[in-house]
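These notes concern the structure reproduced below.
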There are 2 protein chains.
Amino acid sequence: MTELEKGPTGSRRGRGARERIISAAQQLFREQGINRTGMNELCAAAEVSKRTVYQHFTGKDELVAEYLRRFDPSVLSGVFDRTDLTPRERLLAAFDVPTTTPLCPYIAAAVELHDPQHPASQYARDYKKAVAARLADTAREAGAADPEQLGEQLALLIDGAAARTRVLDADAFPTAAAIAAALIDNALPAAAGHNR
Amino acid sequence: MTELEKGPTGSRRGRGARERIISAAQQLFREQGINRTGMNELCAAAEVSKRTVYQHFTGKDELVAEYLRRFDPSVLSGVFDRTDLTPRERLLAAFDVPTTTPLCPYIAAAVELHDPQHPASQYARDYKKAVAARLADTAREAGAADPEQLGEQLALLIDGAAARTRVLDADAFPTAAAIAAALIDNALPAAAGHNR
DNA sequence: CGTTAAGCACACAGGGCGGTGTACTTAACA
DNA sequence: TGTTAAGTACACCGCCCTGTGTGCTTAACG
């Protein structure tokens with residue numbers, strides 16, 4: 001990503017408190033949820049004084065938004081840029097998620113915050129749309145008849161697998177991948193050369 | 001507005017407090033979420049004194065569990081028993097949800113509580129499995145080749161539509177229904193003309 | 001060096017939360 | 001009519017939460 005923006009201060013000074021804060025937020029918000037993670041606990045994990053946190057962020061809400069903004073999902077960045085895969089394989093690779101992943105943090109944030117106006121909720125929407133768009137791009141590249149529709153469908157499958165995995169406490173991504181394969185085969189011209 | 005934090009409106013409401021509590025829980029937990037609904041607020045909405053609530057329920061956790069248990073999803077329970085529809089139509093009717101529905105409360109509860117051991121989380125799991133099972137039954141009735149698989153797939157689609165609707169604030173069920181139709185057509189013996 | 005700002009320690013405010021204690025009132029029914 | 005169970009009023013507890021105020025330390029850099 002961009003290593004230019006290091007925050008509002010953009011300073012070369014300091015001992016890196018901001019980064020420690022964000023990385024602690026990544027871990028705790030993800031593992032315990034946003035509402036169940038207190039600022040005191042977060043400060044302790046980041047090895048940062050509470051005062052410092054509130055000098056970098058106006059409040060927890062801003063930190064939450066930054067947490068989502070900085071969350072770099074291996075899915076999006078890792079999968080779509082793999083040139084060693086065919087477009088079709090890239091679409092399917094989006095369903096190969098490590099089982100450690102508890103739940104898409106964007107869904108979790110939208111549910112926990114429960115406020116569509118919250119900056120983090122808005123960012124979650126943007127992100128979901130971006131993923132669907134990238135899926136649509138790849139679908140177009142693969143030669144799908146209706147790439148937008150296929151992208152939206154695959155995005156829905158990913159979200160369904162994430163939600164279901166969370167509720168059932170059992171990996172639902174294989175099921176989603178199976179559906180995805182069927183949809184892709186339906187959408188691509190049958191004569192297309194892909195290994196089956 | 002300012003008087004919201006008070007209990008009954010002076011005039012005694014008499015018996016039947018328990019039902020009022022549960023129905024207030026249905027509304028508030030669903031509209032605002034579980035964590036954002038305080039017991040004081042709930043008492044005010046139910047027009048019940050706080051003491052009464054804690055004579056009926058040992059704590060908020062038990063009330064939450066009862067809330068899920070009593071949640072009667074008009075959609076699903078109504079759909080599976082409709083004898084005027086063919087099995088295939090019943091499977092598709094599960095995706096005709098009123099847009100008023102904000103989010104499947106079982107997913108919301110699992111995310112908000114964030115504890116797989118919580119009674120409500122366990123019930124959410126049971127419910128999700130039961131829905132998948134009923135979908136599988138109907139799929140079998142419709143003559144699907146692998147009913148269990150189709151049931152699980154359709155259940156995943158429903159959850160995906162619910163989650164995505166919540167995050168994007170836009171109805172995703174039509175997309176899910178389209179996928180469902182494709183899956184069903186793939187799974188059923190092609191000879192059937194979609195009628196009986 | 002000295003200056004500057006990043007960071008620290010820590011108490012505390014203010015409020016909401018879930019939950020209780022206690023004494024009281026009333027509806028329902030035998 | 002008397003008894004009893006259901007409901008009430010409301011102050012109160014302890015806890016944890018986000019967020020501040022204040023004075024101090026220390027690293028970076030000219």
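Here, each number is a calculation from the coordinates, and none is a lab measurement. Quick caveat: nothing in here was measured; it's all calculated off a predicted structure. Using ideal geometry, Cβ is built from the backbone for each residue, glycine included, and neighbour counts are taken over all protein chains shown.
Projected onto the charge dipole of chain A (+1 at Lys/Arg Cβ, -1 at Asp/Glu Cβ, origin at the Cα centre), which of A:Gly160, A:His114, A:Leu188 gives the Cα projection farthest towards the positive end?
A:His114
For B:Ala130 and B:Glu89, FRET efficiency with R0 = 22 Å and r from the beta-carbon atoms, rounded to 0.05?
Here the calculated transfer efficiency is 0.55.
Give the cross-link partners of B:Lys128 among the aspartates and glutamates, using a straight C-alpha distance below 15 Å as the criterion and excluding same-chain residues fewer than 8 apart.
Output for B:Lys128: A:Asp169, A:Asp171, B:Asp72, B:Asp137, B:Glu148, B:Glu152, B:Asp159.
For label points placed 7 Å from Cα toward Cβ, what is the shortest-first list of nm distances from B:Asp126 to its copies?
Computed spacing set for this position: 4.3 nm.
Please report how far the C-alpha centroid of segment A:117-139 lies from that of segment B:16-31, rounded to the nearest whole angstrom.
Between the Cα centres of segment A:117-139 and segment B:16-31 lies a distance of 35 Å.
Percent of Cα-Cα pairs per 5 Å bin, from 0 to the last occupied bin, for segment A:15-64, please list those.
Taking all Cα pairs of segment A:15-64, the binned fractions are 5, 23, 40, 24, 7, 1 percent.
State the percent of C-alpha pairs, over all pairs in segment B:72-187, separated by a distance greater than 19 angstrom.
Everything past 19 Å amounts to 45 percent.
Which part of segment B:18-34 falls in the paramagnetic zone of A:Arg36, meaning amide N under 16 Å from the point 7 Å along Cα-to-beta-carbon?
So the set is B:34.
Debye calculation, C-alpha points only, no solvent: report log10 I(q)/I(0) for chain A at q = 0.11, 0.14, 0.18 Å⁻¹, in the same order as the q values.
With one equal scatterer per Cα and no solvent, log10 I(q)/I(0) is -0.58, -0.86, -1.20.
Kirkwood hydrodynamic radius of the protein assembly as shown from all distinct Cα pairs, in Å?
Answer for the protein assembly as shown: a Kirkwood hydrodynamic radius of 23.0 Å.
Using unit Cβ charges (K, R positive; D, E negative) and no other charged atoms, how large, in debye to the nearest 20, is the dipole of the protein assembly as shown about its Cα centre?
I would put it at about 1180 debye.
Taking the label point as lying 7 angstrom from Cα along the Cα-to-Cβ axis, what are the distances from B:Arg18 to the corresponding position in the remaining copies, in ascending order and in nanometres?
Copy-to-copy label distances for B:Arg18: 5.7 nm.
Distances in nm, one decimal, shortest first, from B:Tyr54 to the same residue in every other copy, taking the label point 7 angstrom along Cα→Cβ.
From this label point to the equivalent ones elsewhere in the assembly: 3.1 nm.
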